[in-house]
Amino acid sequence: MTRQARAGLGFVLPVMIGTVLVLVIPTIGAALLSVTDFDIYALADIANLRFVGAGNYAELLRMPLFWRSVANTALFTAIGVPAAIATSLGVALLISSATVRWKPVWRVLLFAPYVTTLVATAVVWRYMFDRHNGLLNYALSLISIAPVDWLGDPRTSIPATLIFIVWKAFGYNMLVFIAALSTVPQELAEAARLDGAGAWARFRHVTLPAIGPALLLAAVLSVANFIQIFTEPYVMTHGGPAQSTVTVLYFMFDQGFTWWNLGMASAVAMIVFVVILLVTAVQARLGKRNEWW
C-alpha cells in the first residue's frame, strides 16, 4: 500500500467505523428483532425471546391503527414536501433578487428556525395555536373571525402541524437553492429576455433546468424527512385528535416504548427503511432520466 493510499485510508477509516457502529449494526439489529416477539418479558429474561418469522409484519397488516398512521404519513408527505420546496425556492428567489439589501442578515434570520431546538419551538407553536389564548386566534378575533381549535380538530390538526413543520425545515433547502441560483448563467437569462421571454418563461426554461440537481436533492431529503415525522405531532398533538396526526414513527414509538412490543416496533422501522430506500431510488432514477423537466 502506497503512502498516499494509507493517508486516504486514515481519513476514511474513522467515518467507516462510525457508519458501521451507528448505522449498519443498529439496522442489522432491528432486522433481527423484527422477526422475534421481543418485549418486556424478553428484557427481563432473554429465554422468553421467540422467533416468529414474518408474524410481526402480518400482524401489522391487520392493525387499523397502522394503516391510519400510513395514511396520515402519506398525507403529511404529499402536502408538506411540495409546500416546503415551494417555500424554500420562493424565499431563495426573493433573497437572490438584485433589489434585496442586507442579504446575509436575511439568510441568517430565515435559516435560524432550522437550527433551533425542535421541542422548544414546537411547544411555542403549540401555544400559538391554542384555542383560547393563542396568538393566531387573537389575530383572527381582530377581524371578527371565531376562534379555531387548530390542534383539537381533526380537520385542522394536520394543516396546523404542517405550518410549523414547513416553517421549521425550509431554511436548509433555502440555502441550497440560494447556492444553486448563484450558478445560473446570467447570459442565458439575458438572451431569453432579449428574445421576448417573460419572467415565467425565463424561470421555467432557464432557471429551473440549471438548478435541477438542487431540486432533486431537496426532494429526496424532504421526502425522507416527512416520512420520518415524529417529534412535531408528539409534542404538539400527542397523535390526536382522534388519531388524526399519528404518523408511522409515532406508531412505532407507541408500540416500542408504551406497550413494549419491541419486535413489532422493529418491524415498523424496517418497513420505513425499505420505503425510504425505494422512494429515494425512484426519485434518483426519475431525476436522472428526465432531468426533472
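The values are calculated or read from the model by the stated rules, or taken from the named source; none is laboratory data. Since this is a predicted model, take the numbers as computed values, not measurements. Ideal geometry is used to build each Cβ from the backbone, glycine not excepted, and the neighbour counts take in all protein chains shown.
Taken over segment 11-31, the criterion of being within 24 Å of residue 271 (Cβ to Cβ) and either free of Cβ contacts under 8 Å to residues at least 40 places away in the same chain or out of contact with any Phe, Trp or Tyr (no Cβ under 9 Å at 6 or more places or on another chain) (or both) is satisfied by 19, 20, 21, 22, 23, 24, 25, 26, 28, 29. Looking at segment 191-293, the helices (runs of 4 or more DSSP H) lying wholly inside it that each contain 2 or more residues that are modelled with pLDDT under 90 and either farther than 23 Å from residue 84 by Cβ or among the acidic types (Asp, Glu) (or both) sit at 199-202. For segment 172-190, a tally of residues being surrounded by fewer than 12 Cβ atoms within 10 Å (Cβ to Cβ) and outside any helix (DSSP H, G or I) returns 3.
Selection within segment 33-70: residues that are in a helix (DSSP H, G or I) and exposed (fewer than 11 other Cβ atoms within 10 Å of the Cβ). The member of this set that is modelled with the highest pLDDT is 64.
Going through segment 85-100 one residue at a time, which ones are part of a helix (DSSP H, G or I) and either under 21 Å from residue 246 (Cβ atoms) or free of Cβ contacts under 8 Å to residues at least 60 places away in the same chain (or both)? Can you show your working first?
Filtering segment 85-100 for residues part of a helix (DSSP H, G or I) gives 85-96.
Within segment 85-100, 86, 90, 94 qualify.
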